[in-house]
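Structure, as structure tokens:
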Amino acid sequence: MSDILIRGGRVLDPANGVDLARGSVRVRDGRIAAVGADLPANGARVIDAEGLLVCPGFVDLHSHLREPGFEYKETIASGTLAAARGGFTTVCAMPNTEPPLDSKAAVDFVLGRAAAEGVVRVLPIGCVTKGRAGKALAELAELAAAGCVGFSDDGSPVGDAAIMRRALEYAKIVDLPVIDHCEDPALAGGVMHEGWVSTRLGLRGIPAASEESAIARDLALAAQTGAHVHIAHISTAGGVALVRAARGAGLRVSAEVTPHHLALDHETVMGPSRGSGRGLAYDTGAKMYPPLRRAEDVEACVAGLANGTIDAVATDHAPHAVQEKLCEFDAAAFGMVGLETAFGLGLRAVATGALSLERLIEALTIGPVRALHLDRRLPGLGTLTVGAAADLVLLDPEREWTVDADALASKGKNTPLIGRTLRGRVVATLYGGELIHEERP
Amino acid sequence: MPERVLMTAEDLRRALVRIAHEIVEAHRGTRDLVIIGMRTRGVPLARRIAAAIEEIEDGALPVGVLDVGLYRDDLSTRGASVQIAPSDIPFDVAGKRVVLVDDVLFTGRTIRAALDAVTDFGRPQRIQLAVLIDRGHRELPIRPDYIGKNIPTARDDDVQVRLVETDGRDEVAIIGQEE
Amino acid sequence: MVRSRPAALPESAQAPNGAASLEAPQPDGGAAVWQRRHVLDLDDFRVDEIEIILETAKAMKEVLAREVARVPTLRGTTIVTLFYEASTRTRASFELAGKVLGADVINLTAAGSSIEKGESLIDTVRTLRAIGAHVLVLRHPMSGAPYLAAAEGDAQVVNAGDGWHAHPTQGLLDLYTLRAAIGPLAGKRIVIVGDVAHSRVARSDIWGLSRLGADVVVCGPPTLLPAELGSEHAAGLPPVAVETDLDRAVEDADAVMTLRLQQERMTAGLLPSLREYSRLYQVNEERMARARPGAPVLHPGPMNEGVEISAAVAHGARSLVEEQVTNGVAVRMAVLYLLRRDQ
């Protein structure tokens, strides 16, 4: 295979502090061979990156690929294709499948399907408890040996504090984090953020306190055990403040935020027609957990990402079938697809001026890697370090595009962004030196 | 748009007095007689006719108000519809001789609706119709019993009846299209 | 405890002068401009839209008072009432309204139809259109269901109550009843007492009253008051004062609207007991003595006498409960008429 030379774009590699206005990257045998200002082609296949950003391929800590068990919503094949289109070359697969990933056999299945049909790298996350039932610990060491990069019962919290404590302690054996979906089950039952919009719409609300109290509990347990806790999909200003204080106190805590929690607030549920006097929409595309919250929470999340309180942007890609969302709001499934709109939503946060483009890219590349120490097994992941796997993405931060359900690679089309315009598009994705996605206008 | 006055205030007054006399003559008095005016301008006309009759004959003459909005068969073709309002027929119409009063008789559809409405209130002995203006172009077999003035019109002419009670002055004008 | 009241609705939202009397003739082209295809909530109703309905309801009341209460206006229209929650009075009210207007009315309940077998709301709505239903009157336990029905079906939808969210015809008949009793509502102090958080009637009343310029006070235990109501930060909610002390709330009130307290609230742990609730929040004569003389009491029914309302008040001179029921039919007739008028 001949070399590939990506040339003419702005090369941005936050891990190595590289920011070249007009740079080049040479790829050889599936690895990064050189990064520099003006590399010669020397017979390499040239990929033009004029006007584009050239970054390490994005790393998603939180995706629901739905296979095994829910293939009607998404498969590893369709999910990883969506990832590639969204610029993600590594995706961590959450274990709330059927059967859940609480055994080596289940993990092997996922890795097998990923090898056979996956378009990008899939890293499994194992369950914390058997069957995700929250009652008994899963065999964490076996799951780690099988390839899991962390543990989570996501979809559900680890509701029992005693179980969470034991999980944190036990996970120290393999030095992997417990990733908690922070929610107090007793305050659950709501379908959207508890605030004036839920009052207006007559919907049961999920109070911010549900997440904040769960985060506080997890941080206290992390302090108690000295273990690493990773806060999944943080969404509240109060939660961000708690994490900031904990980091300041030296706790081993990391956190992620979704692109939608950086850009959309609870008014999104009222629908695109809100304010135009044409009635409410009860947009089930905007129903997810954690819910979209107030503008102040969005701002706090953006600020928390900017100042390093939050390590990573993680999509929480949660595909569902049409009939699971085309129903009454109370009855609709929670979640939105996010892989293909992540960059566009992230740029909305950058457009407010509160987040730099460089920090956004960092939070999509080396940030997630450092948060879960993924580079232990995969050195160079999320970077353009020479010798690292040649996972790259070419981005056009100016290109506007309209989100069209039929054009999404994901089987699930559930997002409140259908018909809306985003700025920021993935132009090309390379995985292991191979061009797996390209879309030039 | 050119406007021609067809009846002045005096013309109007004389016409209503004549109609009052015609009614009294045809009914040989006012026994069992009731006057029902149709919203909107039929109402003041009805009241004036009743007052004129009361000057000729003894006794008070009952006057009712009829809103036919709920009986129209052209609900969807009328465009910006007029607000419907309550009817007010504070007497029993059964066995009575009803004289309906309206300002302009045109296609006859309003009167058809009025006939349906009146019979919903009871079974009168007889129903007659008094109109200030008959402008022709009937679409139904409806004919007036008492007419203020016959005015031949083109279909898209606009006949405006103005009354002191609703418009500040009495007059009938026609707004025609240019030849 | 009174939370501060945010800025009032703008001037343009204030009510016009009282409605035209029966006697005064109206000039032609009093173009009653109605353009809604559905009636799903009162949130974005303009004042003139509310006025059209209330004016039209007057004409409908006159029809109901006739010996033969029947007009041919909606002959040929098929109205389907689809109720996922049991309700005798609202359904009967809509059925009567449709029949007086000459429409064909078909009543469907969840029990015994294919709905119980798991047919989705959307499937049901589409089937109904295919069999010729022009208007769907929908009551559903989940907020937002009528919007789904309106978007996914072809029939015109009247919301007869969705979850906690809205009951627009109840709001309208309450406005009609109040105004007939105490005159124009602008500036009047109207107190809504009870389980506001779970009440679609309260929400529709709040929207309607605010739009007509009334000073709305909601009163109830904090566990039964919705999030952010009355807060300055609640940009999309109408301005409302919040009280947890009923004696203070009722002071100088022009009218009191009571809400039904449901048994489930106790089992959900929102209230310790009915007894405590009655002691603190029952609308009774002693409390009403603090209101303005003659201030009426309304209740959407059915009433839990002895709980949220005393028997004396429920059946006493202040009670407008029966008027609410009569006016309900007239208002629903007005809504059905206006929806079909230009179709």
Do you know which residues across region A:404-427 are over 19 Å from the mean Cα position of the chain (by Cα) and among the aliphatic types (A, V, I, L, M)? A:405, A:407, A:418, A:427
Would you mind finding the one in C:125, C:137, C:80, C:158 that is within 24 Å of residue C:302 (Cα to Cα), among the β-branched types (Val, Ile, Thr) and within 14 Å of chain A (Cβ to nearest Cβ)? C:158
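Just checking: which of the strands (runs of 3 or more DSSP E) contained wholly in region C:112-229 hold 3 or more residues that are of a type in the set (Val, Ile, Thr)?
Where strands (runs of 3 or more DSSP E) fall fully within region C:112-229 and carry at least 3 residues being of a type in the set (Val, Ile, Thr), they are C:189-193, C:215-219.
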Subset of region B:1-18, residues assigned to a helix (DSSP H, G or I) and more than 12 Å from residue B:170 (Cβ to Cβ), comes to B:17, B:18
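One line per residue, one yes/no per condition, for (1) closer than 29 Å to residue A:54 by Cα; (2) touching a residue at least 60 places away in the same chain (Cβ under 8 Å):
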{"residue": "A:72", "(1), (2)": "no, yes"}
{"residue": "A:79", "(1), (2)": "yes, yes"}
{"residue": "A:90", "(1), (2)": "yes, yes"}
{"residue": "A:97", "(1), (2)": "no, no"}
{"residue": "A:105", "(1), (2)": "no, no"}
{"residue": "A:112", "(1), (2)": "no, no"}
{"residue": "A:115", "(1), (2)": "yes, no"}
I need the helices (runs of 4 or more DSSP H) fully contained in region A:264-383, keeping only those with at least 2 residues that are within 14 Å of another protein chain (Cβ to nearest Cβ). A:295-306
Looking at A:360, A:339, A:355, A:326 in this structure, which one is within 30 Å of residue A:413 (Cβ to Cβ) and modelled with pLDDT under 95? A:326
In this structure, does residue A:58 turn out to be free of Cβ contacts under 8 Å to residues at least 40 places away in the same chain, aromatic (Phe, Trp, Tyr) and crowded, with 17+ Cβ neighbours inside 10 Å? no
Can you pull out the residues in region A:1-22 that are assigned to a strand (DSSP E or B) and under 28 Å from the mean Cα position of the chain (by Cα)? A:6, A:9, A:10, A:11, A:12, A:13, A:18, A:19, A:20, A:21
Looking only at region C:134-154, which residues are under 21 Å from residue C:104 (Cα atoms), modelled with pLDDT under 95 and over 22 Å from the mean Cα position of the chain (by Cα)? C:153, C:154
Of the candidates A:375, A:391, the one satisfying the condition of being acidic (Asp, Glu), in contact (Cβ under 8 Å) with a residue 60 or more places away in the chain and more than 30 Å from residue A:323 (Cα to Cα) is A:391
For residue A:270, indicate whether it is touching a residue at least 40 places away in the same chain (Cβ under 8 Å) and touching a Lys or Arg at 6+ places or on another chain (Cβ under 8 Å). yes
Using the structure shown, decide if residue B:43 is of a type in the set (A, V, I, L, M), assigned to a helix (DSSP H, G or I) and within 13 Å of chain C (Cβ to nearest Cβ). yes
For the structure I just gave you, tell me whether residue A:247 is part of a loop (DSSP other than H, G, I, E, B), modelled with pLDDT of 95 or more and among the charged types (D, E, K, R). no
Out of the residues in region B:80-90 that are in contact with a strand residue (DSSP E or B) (Cβ under 6 Å, 6 or more places away or on another chain) and part of a loop (DSSP other than H, G, I, E, B), which is farthest from residue B:129 (Cα to Cα)? B:80
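Here are some residues: A:145, A:141, A:186. Which one is out of contact with any His (no Cβ under 9 Å at 6 or more places or on another chain), outside any loop (DSSP other than H, G, I, E, B) and modelled with pLDDT under 95?
Result: A:186 is the single residue among A:145, A:141, A:186 that is out of contact with any His (no Cβ under 9 Å at 6 or more places or on another chain), outside any loop (DSSP other than H, G, I, E, B) and modelled with pLDDT under 95.
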Go through (1) at the interface with chain C (Cβ under 10 Å from one of its Cβ atoms); (2) crowded, with 20+ Cβ neighbours inside 10 Å; (3) at pLDDT 95 or above and name the single condition residue B:114 misses. (1)
Just to be sure before I move on: is residue C:240 in contact with a helix residue (DSSP H, G or I) (Cβ under 8 Å, 6 or more places away or on another chain), within 14 Å of chain A (Cβ to nearest Cβ) and closer than 27 Å to residue C:326 by Cβ in the structure I sent? no
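Mind listing whichever residues of region A:123-178 are among the polar types (S, T, N, Q) and under 15 Å from residue A:99 (Cβ atoms)?
Scanning region A:123-178 gives a single hit, A:129.
The rows are residues; the columns are (1) assigned to a helix (DSSP H, G or I); (2) facing another protein chain (nearest Cβ under 10 Å); (3) at pLDDT below 95.
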residue: C:25; (1), (2), (3): no, yes, yes
residue: C:28; (1), (2), (3): no, yes, yes
residue: C:68; (1), (2), (3): no, yes, yes
residue: C:74; (1), (2), (3): no, yes, no
residue: C:92; (1), (2), (3): yes, no, no
residue: C:96; (1), (2), (3): yes, no, no
residue: C:102; (1), (2), (3): no, yes, no
Sort out which residues of region C:302-317 are part of a helix (DSSP H, G or I) and out of contact with any helix residue (DSSP H, G or I) (no Cβ under 9 Å at 6 or more places or on another chain), and write them in order of number. C:311
Which condition does residue B:119 not pass, out of (1) modelled with pLDDT under 95; (2) part of a loop (DSSP other than H, G, I, E, B), if it passes all the others? (2)
For region A:209-219, indicate whether the set of residues that are more than 23 Å from the chain's Cα centre (by Cα) and closer than 15 Å to residue A:163 by Cα is non-empty. yes
Could we say that residue C:205 is within 30 Å of residue C:48 (Cβ to Cβ), within 20 Å of the chain's Cα centre (by Cα), among the acidic types (Asp, Glu) and within 14 Å of another protein chain (Cβ to nearest Cβ) here? yes
Options A:207, A:259, A:185; residue that is under 18 Å from residue A:291 (Cα atoms), more than 14 Å from chain C (Cβ to nearest Cβ) and surrounded by fewer than 24 Cβ atoms within 10 Å (Cβ to Cβ): A:185
Within region A:330-370, track down each residue that is more than 30 Å from residue A:268 (Cα to Cα) and of a type in the set (A, V, I, L, M). A:366, A:369
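One line per residue, one yes/no per condition, for (1) at pLDDT below 95; (2) within 17 Å of residue C:190 (Cα to Cα); (3) touching a strand residue (DSSP E or B) at 6+ places or on another chain (Cβ under 7 Å); (4) away from chain A (no Cβ under 14 Å):
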| residue | (1), (2), (3), (4) |
| --- | --- |
| C:218 | no, yes, yes, no |
| C:229 | yes, yes, yes, no |
| C:247 | no, yes, no, yes |
| C:263 | yes, no, no, yes |
| C:274 | yes, no, no, yes |
| C:282 | no, yes, yes, yes |
| C:290 | no, yes, no, yes |
| C:296 | no, yes, yes, yes |
Against the condition crowded, with 17+ Cβ neighbours inside 10 Å, within 27 Å of residue C:33 (Cβ to Cβ) and of a type in the set (Lys, Arg), how does residue B:155 come out, does it pass? no
Positions within region A:220-252 being closer than 17 Å to residue A:290 by Cβ, free of Cβ contacts under 8 Å to residues at least 60 places away in the same chain and aliphatic (A, V, I, L, M), in sequence order: A:231, A:241, A:242
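The values are calculated or read from the model by the stated rules, or taken from the named source; none is laboratory data. All values reported here derive from a predicted model rather than from experimental measurement. Cβ atoms come from the backbone with ideal geometry, glycine included; neighbour counts cover every protein chain shown.
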